Structures are given as structure tokens and as C-alpha cells.
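The values are calculated or read from the model by the stated rules, or taken from the named source; none is laboratory data. In this text the structure is predicted, and so the values were computed from the model without any measurement. Note: ideal-geometry Cβ built from the backbone for every residue, glycine included; neighbour counts use all protein chains shown. The area values use the complete protein model at the heavy-atom level, side chains included, leaving out ligands, DNA and RNA. Shrake-Rupley method; radii C 1.70, N 1.55, O 1.52, S 1.80 Å.
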Amino acid sequence: MEITVCSAGDVALLDQYIASPGATSFHARRFARQEAGECTYLVAWLEGRPVGHTEMRWIGCAAPEVTVGCPEIGGLGVWPEELRSRGIGTALVRAAEDLAGGRGLTVVGIGVGKDNSRAAALYARLGYRPLVDYLDRYSYEDQDGTIRECVDACTFLVKDLPHMRQALLTSSRLDANLES
């Protein structure tokens, strides 16, 4: 498996293999946010096809209940379902954490739906702790032009990034840059 930053050419493949609702796909909207500098959209690849994705939102969580100022890992997904519980989600979260550590950040957050105990268990294993409950509100335009408003009950979790890990990552990146 390989994890890369989403490119313009990846959006069509993501739409083909990991469907999303709406006239404009979630993948296209995430890529547009990446182009605007608001996030980094990561894609997991297996045998040449996308099997997972997550978005490191540098602007943080938009919910007013979440007042902590840290980037948010969002939109984590692995597809098809039979590939879940094989380390892809963990690798995506770690890659997003590495991006934050590379920027010298010390805390990251992630939201989890109150009805998603499987994801909550993963995040707890990865060291995330609950901070605040909130309502995740988002909308999209359906294929027929109808605007769909969605509200999900969630918990925002945070994790302190280990300083030693950040120092090692920064050091290894510097070494790699010096060698090239």
C-alpha cells in the first residue's frame, strides 16, 4: 500500500472506486480545498487503485462547539468494506499526523460519529481522547439539484503528538533533502 497527496488526476479514480453523493463529489470538493491551501487530501493506493482517503484540514473543525485550535483529520474512509481492519485507516491517520508533525504542530483532532463505535475504538487505540461533543453540519447538492443538509452527532477527539517523533521526522526529512 502507498499513501500519496491527491492530484487532479486522482479525483476521477476516487469517484470511480469510492463513490460519494452529490453533483460535485466529496473528492472534488476536498481537492478544491487542498488547492486553496485549506487541507492536504491523502489517498491510500493498493495495486494501482484508491482504497482509502483522509483530509488533514489545516483550518481545523468548523463546528462552533469545537474551540480548540488544531488541525482536524476528517473524511477518513476505506473502501471496499472488506479492506477495513487491515491497517489502511491507521496508516492514513499516521500519515496525517506526520504532516502535522512536519509543520511543528503538537496537537491534532479528529471527529467521530456517536454511532461509529468501530472508528471510535480505532482512534482510542491510536491515542485520541474525547474533548467535546458537537454537531457536524454539512450539505451537498444532489444529482437532481436538491441541496441536502446533513447533521451528525459527533465527538471531537484530540491527540498530543509526541515531540520525539516530530524531531525524528524532521531530521529524516532534512537528511533526505540534503541527499537529493
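Springs join every pair of Cα atoms under 10 Å in this Gaussian network model of the chain, and among Val78, Val112, Val132 the largest mean-square fluctuation is at Val132. Normalised by the number of residues in the stretch 25-102, the mean separation of alpha-carbon contacts (under 8 Å, six or more apart) gives a relative contact order of 25 percent. Helical content of the chain, expressed as a calculated mean residue ellipticity at 222 nm, amounts to -10000 deg cm²/dmol (DSSP H runs of 4 or more residues, -39,500 (n - 2.57) each, divided by residue number, nearest 500). Summing +1 for each Lys or Arg and -1 for each Asp or Glu among the other residues whose beta-carbon sits under 13 angstrom from that of Ser20 gives -1. For Leu76, the residues whose amide H sits under 5 Å from its own are Glu55, ignoring neighbours fewer than 5 places away on the same chain, with H placed 1.01 Å from N. Of all DSSP bridge pairs formed entirely within the chain, close to 95 percent run antiparallel. Between Asp133 and Phe156, the built amide H atoms are under 5 Å apart, and every one of these is 5 or more places off in sequence or on another chain.
Once Cα extents along the principal axes in Å is calculated for the structure shown, the corresponding label among [x] 45, 42, 25; [y] 52, 38, 33; [z] 65, 63, 31 turns out to be [y].
How charged is the neighbourhood of Pro130? Take every other residue with its Cβ under 12 Å from the Cβ of Pro130, and add Lys/Arg as +1 and Asp/Glu as -1.
On the way: positive: Lys114, Arg129, Lys159; negative: Asp133.
The answer is +2.
The apolar share of the surface of the chain, taken as the fraction of accessible area on carbon and sulfur atoms (1.4 Å probe, ligands and nucleic acids excluded), comes to 52 percent. Using a probe of 1.4 angstrom and keeping all protein chains present, the accessible surface of the chain works out to 54 square angstrom per residue.
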